[in-house]
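Taking it in order: structure first as structure tokens, then the write-up.
Derivation of every value follows stated rules applied to the coordinates shown; laboratory data play no part. This is a predicted model, so every value here is computed, not measured.
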Amino acid sequence: SMDQKHSFLFPFLPGSRLRQEDTPPRIVEHPSDLIVSKGEPATLNCKAEGRPTPTVEWYKDGERVETDNPRSQKMLLPSGSLFFLRIVHGRRSKPDEGSYVCVARNYLGEAVSHNASLEVAILRDDFRQNPADVIVAAGEPAVLECQPPRGHPEPTISWKKDGLTIDDRDERITIRGGKLMITNARKSDAGKYVCVGTNMVGERESEVSELTVLERPSFVKRPGSQVVLVDQGVEFRCEARGDPVPTVRWRKDDGELPKGRYEIREDHTLKLRRLTSADVGSYTCLAENMVGKAEASATLTVHVPPAFVVRPRNQVVGVGRTVTFQCEATGNPQPAIFWQREGSQNLLFSYQPPQPSSRFSVSQSGDLTITAAERSDVGYYSCQALNIAGSVITKALLEVTDVVSDRPPPVIRQGPTNQTVAVDGTVVLSCLDGALVSTHDSRVKQQETGALQIRYLSDTGMYSCIASTPSGEASWKAHLEVQEFGVPVQPNRPTDPALIPSAPSKPEVTDVTRTSVTLSWRPNLHSGATPTSYVIEAFSHASGSSWQTLADHVKTETFVLKGLRPSAVYLFLVRAANAYGLSDPSPIADAVKTQDIPPTSQGVDHRQIQKELGDVLIHLHNPTILSSSSVRVQWTVSGQSQYIQGYKVMYRPSPAEGQPRSEWSVFEVRTPGEHGAVVPQLRKGVTYEFKVRPFFNEFQGTDSDVKIGRTMEEAPSAPPRDVTVTESGDNGTAILVSWQPPPEEQRNGVVQEYKIWCLGNESRYHINRTVDGSTLYVYIPGLATGVRYSVEVAASTGAGPGVKSDITYFQLDASGHMTETLDAAGNPLSQQISDVVKQPAFIAGIGAACWIILMVFSIWLYRHHKKRNGLSSSYAGIRKGQLLFFHSKMTTFCKCHMFCLLIPRADSRSTRMDNPKHVDRRAYSLYNSVIPHLKAKTF
């Protein structure tokens with residue numbers, strides 16, 4: 001201990017006397033641990049009491065501290081405290097840092113204070129963790145992390161935002177363990193943040209961290225649901241905000257946006273043009289940025305005026321029979337259908353409760369049924385379809401005939417077949433549903449089945465089975481061949497019924513005109529054999545009293561029967577046929593009446609026709625655009641006239657300003673009751689003028705008003721023409737791309753813009769440009785030198801960009817000049833030539849040509865040499881000539897890369913070069929040195 005260590009300093013002297021009031025030293029104020037800054041003054045306090053007053057000394061780490069040396073920077077104060085003028089502290093020398101005690105002494109002893117440490121405060125410059133930039137969405141928590149520099153004492157952390165200290169009294173802000181936590185971040189929290197580490201040495205600031213508070217998309221204006229009429233336009237507005245500014249796009253929930261008929265404006269409004277029923281649905285505006293997305297939907301309802309799907313047709317019915325007029329219409333909302341007899345005020349609706357006493361009823365689908373037809377029911381019946389978008393009307397004629405004339409004549413299901421039999425034999429000719437004409441011949445007998453049995457045959461001839469009723473008759477003929485005695489006859493075998501087709505379905509009659517109808521049916525593929533053709537039979541009282549075959553070998557299930565009588569009632573049936581026979585007849589089609597004979601054929605005054613046609617007024621509706629090449633035209637007629645044979649739908653492209661008008665094209669509708677037509681094969685993206693004119697044979701009525709319609713655009717089907725790339729001429733790295741529009745017939749609309757793709761061999765060199773449709777060039781500056789670029793150009797209509805032009809490659813040198821033209825692979829012309837020369841086929845071709853030249857020259861040289869020296873030339877002379885030839889032509893031989901085996905000799909024989917007996921040694925040596933090399937290189 002310090003007491004033991006220094007006890008020898010105060011021995012009691014002989015003769016000394018201890019005074020009673022003296023006391024040993026006592027430390028009354030101990031020094032405290034001290035942390036001070038480098039270069040700053042510091043004091044270690046120590047105060048002692050005793051009598052006599054004790055002396056005070058200081059010890060550091062057991063060594064006495066010198067306080068009387070001026071160079072030591074330390075002083076002992078009168079109170080006993082140790083004062084440091086300036087704390088000295090370095091990386092290697094730390095003389096003032098350590099553990100200190102103060103010792104107080106007098107002659108009675110000494111007192112030692114508690115240990116007190118003196119430490120030098122430090123604060124390094126580098127943060128252990130600098131805060132990073134943070135991006136959060138508004139409403140989310142934001143956390144900025146920081147670890148201060150190492151220091152002693154450990155530095156405390158505070159934060160600054162935009163240079164101002166953050167007040168953590170805000171309940172949203174928490175500073176804990178170096179972290180700055182902001183709950184529910186706001187846009188106002190965005191800024192530059194600095195972490196500050198502080199201790200007694202000072203403070204250090206971190207690198208700047210930026211807090212970015214983004215905003216999820218939200219809608220300022222949402223789209224609203226709308227109800228619009230067909231062919232009109234509609235707009236859905238959508239306005240969104242957010243940070244960053246969100247991108248806005250539209251989608252149709254159950255499909256794609258209508259191609260060529262929609263437009264998204266700069267304010268994100270969705271505009272739809274020429275609405276159709278297919279556009280009905282939900283449209284969603286989608287706003288999206290890097291922190292989120294938002295959606296808003298609206299429903300589009302398109303009201304479509306009624307249009308007939310099935311129109312009633314004129315019908316003929318017998319008294320007491322039931323007749324049904326079919327009438328079906330579509331529209332949105334679904335139209336209501338009602339019927340009205342011409343001249344009557346009574347309306348018949350499908351939802352009316354049936355009246356027990358009424359013979360008229362309308363089904364839910366809109367069909368009118370008349371039971372127990374009477375002669376007074378004759379007349380026109382109008383079917384009208386109605387909804388809130390509009391109405392349409394059509395009519396059909398009902399004729400009521402006598403029962404007898406209304407009944408169809410009999411039909412023979414299966415008649416007799418042609419047969420060959422022996423003389424004096426017996427034959428049976430079958431005839432189902434037939435009747436025999438009376439005969440008194442005892443050899444002929446009719447069986448109960450209707451078959452005809454003939455015995456003791458002697459005559460070849462045609463036999464007919466005839467079935468008749470009061471309403472008409474049917475006949476079926478068969479040829480019977482009777483062979484003489486001694487001629488072998490192959491017995492007839494009955495045809496297997498499974499090999500004959502089954503009867504087709506009941507024929508449907510459509511497109512009735514004055515002299516033609518269209519029949520359609522379906523084959524019965526569930527039983528019987530497959531038919532190969534069909535036979536069509538018809539009956540009309542106007543043409544006779546029996547069924548007549550109007551068409552056979554018909555290969556399709558739809559057929560147009562022509563050559564019918566005007567204003568006649570017809571019945572039709574169809575049979576299927578193959579190589580084994582005819583099927584049973586189909587059910588008889590409903591009676592149909594052809595149109596009336598034109599009144600002009602009956603001598604009506606032409607002036608009356610022209611007057612009535614002039615009084616007909618046609619109101620043309622706005623055309624309905626169906627596709628890029630077809631338009632539906634509909635009209636209504638005021639002042640009906642019996643002298644309307646049909647309508648001429650006239651159309652032509654609407655001329656551009658200053659251009660002459662083209663001639664009208666005509667599309668005829670020859671059904672007077674038809675008030676609409678689809679005009680096909682129109683040009684794409686072209687505005688047309690339409691009008692309608694009634695006609696009657698050569699007479700024509702007044703034109704309707706003119707309506708305008710534009711077919712849908714499509715993307716151009718041809719690329720721009722004559723695309724060229726040239727230098728800009730301004731000594732810079734720029735080019736000028738020019739072109740001509742696609743051919744007019746392949747533009748498919750109005751060219752609104754041109755898109756130019758200038759693509760380098762890396763994406764960072766890509767440059768895209770878009771120019772107006774009236775501009776036929778573009779200037780592209782700032783290109784990189786030494787980079788291979790490709791250029792493509794495409795025209796764009798409202799339907800989008802079309803076919804791209806062929807790729808044009810180019811490359812600029814440092815002065816901005818184009819280098820050699822590049823091929824599709826980007827190779828210069830010299831490289832292309834080099835590649836061709838290296839091809840084996842090219843080398844072989846050149847070699848063959850050289851070989852032929854060599855052989856021709858050898859023969860010429862041989863003959864020339866022979867002529868000059870004569871046949872008596874010595875062998876040595878011949879050999880000399882050979883060696884001269886070989887040596888002089890070796891260069892050509894090597895160039896050709898050919899392996900020449902034979903050299904001509906003067907005696908018309910051949911000398912092999914690989915045989916040293918026949919050649920000079922020098923030639924053979926040269927041969928051996930060259931040929932192996934050529935073999936290895938060429939072969």
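Starting from the Cα gyration tensor of the range 167-210, take the square roots of the eigenvalues, sort them a ≥ b ≥ c, and report rounded, prolate or oblate (rounded when a/c is under 1.5, otherwise prolate if a/b is larger than b/c, else oblate). Oblate is the answer for the range 167-210, as a/c is 1.5 or above yet b/c matches or exceeds a/b. Among the listed pairs LYS506/LYS555; LYS271/LYS648; LYS271/LYS707; LYS161/LYS293; LYS259/LYS755; LYS221/LYS271, those whose Cα-Cα separation exceeds 26 Å are LYS271/LYS648; LYS161/LYS293.
Note that the range 131-140 has calculated 3J(HN,Hα) couplings of x, 9, 5, 10, 10, 9, 8, 4, x, 8 Hz, one per residue in order, obtained from phi through the Karplus relation 6.51 cos²θ - 1.76 cosθ + 1.60 (θ = phi - 60°); glycine and proline are x. Close amide H partners of LEU682, meaning residues 5 or more places away or on another chain with modelled amide H under 5 Å apart, are SER630. The count of lysine pairs in the range 35-120 whose Cα atoms are under 15 Å apart, excluding pairs fewer than 8 places apart on the same chain, comes to 5. Classify the range 533-576 as rounded, prolate or oblate, taking a ≥ b ≥ c as the square roots of the eigenvalues of its Cα gyration tensor: rounded when a/c is under 1.5, otherwise prolate if a/b is larger than b/c and oblate if not. Taking the square roots of the gyration eigenvalues as a ≥ b ≥ c, the range 533-576 is prolate. Counting only C-alpha contacts under 8 Å and six or more residues apart, can you give the relative contact order of the range 222-300 as a whole percent? Relative contact order of the range 222-300: 40 percent. Between GLY318 and THR401, the built amide H atoms are under 5 Å apart, and every one of these is 5 or more places off in sequence or on another chain. Per-residue 3J(HN,Hα) values for the range 658-666, derived from phi via the Karplus relation 6.51 cos²θ - 1.76 cosθ + 1.60 with θ = phi - 60°, read x, 9, x, 7, 8, 6, 6, 8, 10 Hz in sequence order (x marks Gly and Pro).
Under 5 Å from the amide H of LEU34 lie the amide H atoms of SER117, LEU118, GLU119, each residue being 5 or more positions distant or on a separate chain, with H modelled from the backbone and absent for Pro and chain starts. For the range 511-526, 3J(HN,Hα) computed residue by residue from phi via the Karplus equation (6.51, -1.76, 1.60; θ = phi - 60°) reads 6, 7, 10, 5, 10, 8, 9, 10, 10, 9, 8, 10, x, 8, 8, 7 Hz, glycine and proline entered as x.
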